[in-house]
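Student: Take this structure, written in structure tokens, and hold onto it; I'll ask about it next.
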Amino acid sequence: MQFISTRGQAPSASFTETLLMGLEPDGGLAVPASIPKLRADHCEEWRSLDYVELATAVIGLFATDIPEADLRGIVSTAYGADRFPTPVVPLKPLDDVAPGLALVGLSEGPTMAFKDLAMQFLGQAIPYVLAREGRVLNILGATSGDTGSAAEHAFRAQEGVSVFMLSPAGRMSNVQRAQMYSLADPNIHNIAVDGVFDDCQALVKALNNDAAFKAEHSLGAVNSINIGRIIAQAVYYVWAWLRASDGVGPEERGAFHVDVVVPSGNFGNIYAGHLARSMGLPIRRLILATNENNVLDELFTSGVYRPRSAAETLATSSPSMDISRASNLERFVWQLLGPEEFVSRWASLEESGSLDLTDRLRVMHEDYGFVSGTSTHKDRLAAIARVHAEAGVLIDPHTADGVTVALRHMEQGYPTLVMETALAAKFAETVEEALGGAPEPPISVQELLGKEQHIIEIPNSEDELRALITRSALHRD
Ligand SMILES: *Cc1c(COP(=O)(O)O)cnc(C)c1O
């Protein structure tokens, strides 16, 4: 399996080459040169597999340059019992809220958010490739909470990799801070910047634009455009369909379709669902939920994509979705327009600030099954309260955006699976606001909050960051 760039100006590359790449050399994103198709019997063959075996099979369709035994080793460590409970991804029925509604439990990993599922795979796959090639990697990133902690927990104590993660000092939740700052592994560097998230991002960008510095210190990223993350995420769509159809008779399974609801920001999670659907997984509709930063809902209702600036992006109570320029959308638009038309029309987005796709709205709805909706702070609180009252289940604010939009779009006869993108304990303040009282934090969270924290504080200064990386980066010996 080869991967090509959306911009069409880079040579094709294998899975392992693409894994270490980040952006393609021409500035585009990697996409599979062809989409593997699930055979009708694939899903039945896969029904008896556990999560590790299923992930080996699905990822193996793309990662054809990793021998199967090695891939199984990577995946069994990534989703091992010391990192995830069994099953790795449980389905949690919410029939008491609405018949056919269920959560897909993506957040049972070390940092209580779905990003663990993709990042733990990278945390094993990247060191494997580096070792094979005698290379090292210094991961430089900026986080407002979820991505950084997932990356640190995935790469802690791994050979050949160190992590330099910038975070805005004092601007994350208690739990997010504790998850990151309590790590004492020597290859994890938590850098608390005196500034906001945009300052952290600007510092990372400045160093990334310095090609000489980047090469000298083997700097790289594991952000949401990494193709390895997308492919690892496609696995749980297959898993969720298998588990939802377990109770259906073998004759009816062929016609068994589900709707999947995805709380979205950078369009990575739902793009993985779109990929699984494009492979032939029987998903009827992909229902995209946004918060008040509803650029993507605007796209799927009006056909016009108009990204917004950081200044126009609201700080909401589902903060991991406060995104107004969805980095993975490029892959989707590439498929929608085809390689030739994509290049000119995408260029016009960069010039004019918007992209008119009304001529493809029918394809998005009818062929790709996309539907969308927006949830607000008030909706979020109401969904948290309702799911708690009617099903006795605590959900987090992002999942609540999914439940809100699910309840608006559900249709009888179609099981509706909401991707649970984080656990309530990670965003306790909003849950408390919704329920009018604080739920007792789980013991694991209480212990976490009591741990000693380790950070390096720096001012908002590029020179200080350069000096720090020069001092501490891993180098190939
Ligand atoms: C990252 C994140 C999202 C958004 O996912 P995308 O893949 O960026 O669309 C939603 N909810 C939570 C809790 C997240 O951490």
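The values are calculated or read from the model by the stated rules, or taken from the named source; none is laboratory data. The model shown is predicted, which means the values in this text are computed figures rather than measured ones. Every residue, glycine among them, receives a Cβ derived from its backbone with ideal geometry; neighbour counts consider all protein chains shown. Accessible surface is based on the protein model in full, side chains and every heavy atom, while ligands, DNA and RNA are left aside. Shrake-Rupley method; radii C 1.70, N 1.55, O 1.52, S 1.80 Å.
Student: Among Ser76, His189, Pro339, pick out the residue whose Cα is farthest towards the positive end of the charge dipole of the chain, where Lys and Arg carry +1 and Asp and Glu carry -1 on C-beta, about the Cα centre.
Tutor: It is Pro339, whose Cα lies furthest towards the positive end.
Student: To continue, here is another question. Out of the stretch 146-250, which GluC sites (Glu not before Pro) are coil in DSSP terms and have no more than 16 other C-beta atoms within 10 Å? Walk me through the intermediate numbers first.
Tutor: Details: sites: Glu152, Glu159, Glu216; in loops: Glu159.
Loop-located and lightly packed - Glu159.
Student: Report the equivalent ellipsoid semi-axes for the stretch 173-298 in whole Å, largest first, defined as the square roots of five times the eigenvalues of the gyration tensor built from alpha carbon atoms. Write out the running numbers ahead of the final one.
Tutor: On the way: eigenvalues 286, 58, 56 Å².
After scaling each eigenvalue by five and taking roots: 38, 17, 17 Å.
Student: Evaluate the charge dipole of the chain about its Cα centre and quote only its size in Debye, nearest 20, assuming +1 on the Cβ of each Lys and Arg and -1 on the Cβ of each Asp and Glu.
Tutor: Numbers: 37 positive and 61 negative charges, 73 e Å.
With only Lys, Arg, Asp and Glu charged at Cβ, the dipole is about 340 debye.
Student: What does the charge count near Phe114 come to, summing +1 for each Lys or Arg and -1 for each Asp or Glu among other residues with Cβ under 10 Å from its Cβ?
Tutor: Value of the local net charge: -3.
Student: Take every DSSP beta bridge whose two residues both sit in the chain, then give the antiparallel share in percent to the nearest 5.
Tutor: Of those bridges, close to 20 percent are antiparallel.
Student: Which Cα, out of Gly60, Ala310, Gln453, lies furthest along the positive dipole direction of the chain (beta carbon charges, K/R +1, D/E -1)?
Tutor: Working it through, the farthest residue towards the positive pole turns out to be Gly60.
Student: Using only the Cα atoms of the stretch 201-262, what are the Rg and Dmax in Å?
Tutor: For the stretch 201-262, the Cα radius of gyration and maximum Cα-Cα distance read 20.8, 60 Å.
Student: Then there is this: How many Lys pairs in the chain lie less than 23 angstrom apart by Cα atoms, where the lysines are 8 or more positions apart or on different chains?
Tutor: Working: Lys92/Lys115; Lys92/Lys426; Lys115/Lys205; Lys115/Lys426; Lys115/Lys451; Lys205/Lys214; Lys378/Lys426; Lys426/Lys451.
Total qualifying Lys-Lys pairs in the chain comes to 8.
Student: Moving to a separate point now. Can you give the calculated 222 nm mean residue ellipticity of the chain, where each DSSP H run of n ≥ 4 adds -39,500 (n - 2.57) and the sum is split over every residue, rounded to the nearest 500 deg cm²/dmol? Could you put the intermediate results ahead of the total?
Tutor: Details: 20 runs with 206 residues, N = 477.
Roughly -13000 deg cm²/dmol at 222 nm, from the helical runs in the chain.
Student: Once you keep just the Cα pairs under 8 angstrom separated by 6 or more residues, what percentage relative contact order results for the stretch 222-364?
Tutor: Details: 177 pairs, mean separation 33.7, N = 143.
This gives 24 percent for the stretch 222-364.
Student: Another one. Can you give me the relative contact order of the chain as a percent, contacts being Cα pairs under 8 Å and 6 or more apart?
Tutor: On the way: 904 pairs, mean separation 90.0, N = 477.
Contact order relative to length: 19 percent.
Student: Rg and Dmax of the chain, Cα atoms, in Å?
Tutor: When restricted to Cα atoms, the chain yields Rg and Dmax of 21.3, 65 Å.
Student: Once you charge only the Cβ atoms, +1 for Lys and Arg and -1 for Asp and Glu, what is the size of the charge dipole of the stretch 308-435 about its Cα centre, to the nearest 20 debye? Don't skip to the answer; put the middle values down first.
Tutor: Details: 11 positive and 20 negative charges, 39 e Å.
With only Lys, Arg, Asp and Glu charged at Cβ, the dipole is about 180 debye.
Student: I need the shape label for the stretch 129-224. Rule: rounded when a/c is under 1.5, else prolate if a/b > b/c, else oblate, with a, b, c from the alpha carbon gyration tensor.
Tutor: Values: a/c = 2.39, a/b = 1.27, b/c = 1.88.
Oblate is the answer for the stretch 129-224, as a/c is 1.5 or above yet b/c matches or exceeds a/b.
Student: Please identify every one of the GluC sites (Glu not before Pro) in the stretch 332-427 that sits in a loop by DSSP and has no more than 13 other beta carbons within 10 Å of its own beta carbon. Kindly include the intermediate steps, with their values, before the conclusion.
Tutor: Numbers: sites: Glu340, Glu341, Glu350, Glu351, Glu366, Glu390, Glu411, Glu420; in loops: Glu411.
Sparse-neighbourhood loop GluC sites (Glu not before Pro): Glu411.
Student: I've got another one for you. With every protein chain present, what is the per residue accessible area of the stretch 323-477 (1.4 Å probe, Å²)? If you can, show how the numbers build up before the last one.
Tutor: Details: 7740 Å² over 155 residues.
Counting only protein heavy atoms, the per-residue value for the stretch 323-477 is 50 Å².
Student: If you place +1 on the Cβ of every Lys and Arg and -1 on the Cβ of every Asp and Glu, how big does the dipole about the Cα centre of the stretch 143-275 come out, in debye to the nearest 20? List each step's numbers first, then the result.
Tutor: Details: 8 positive and 13 negative charges, 10 e Å.
Taking the Cα centre of the stretch 143-275 as origin, the dipole is about 40 debye.
Student: What does the charge count around His398 come to, taking other residues whose C-beta lies under 12 Å from its C-beta (Lys +1, Arg +1, Asp -1, Glu -1)? Don't skip to the answer; put the middle values down first.
Tutor: Values: positive: Lys115, Arg380, Lys426; negative: Asp146, Asp322, Asp396, Asp401, Glu420.
My count for the surroundings of His398 gives -2.
Student: Hey, another quick one. Taking +1 at the Cβ of each Lys and Arg and -1 at the Cβ of each Asp and Glu, which of Val104, Pro87, Thr16 sits farthest along the dipole of the chain towards its positive end, judged by Cα position relative to the Cα centre?
Tutor: The residue sitting farthest along the positive end of the dipole is Thr16.
Student: Would you kindly calculate the translational diffusion coefficient of the stretch 300-351, applying Stokes-Einstein with the Kirkwood radius from alpha carbon pairs, for 20 °C and a viscosity of 1.002 mPa s, and quote it in µm² s⁻¹ without decimals? Working shown, then result.
Tutor: Numbers: Rh = 12.6 Å.
For the chosen part, D equals 170 µm²/s.
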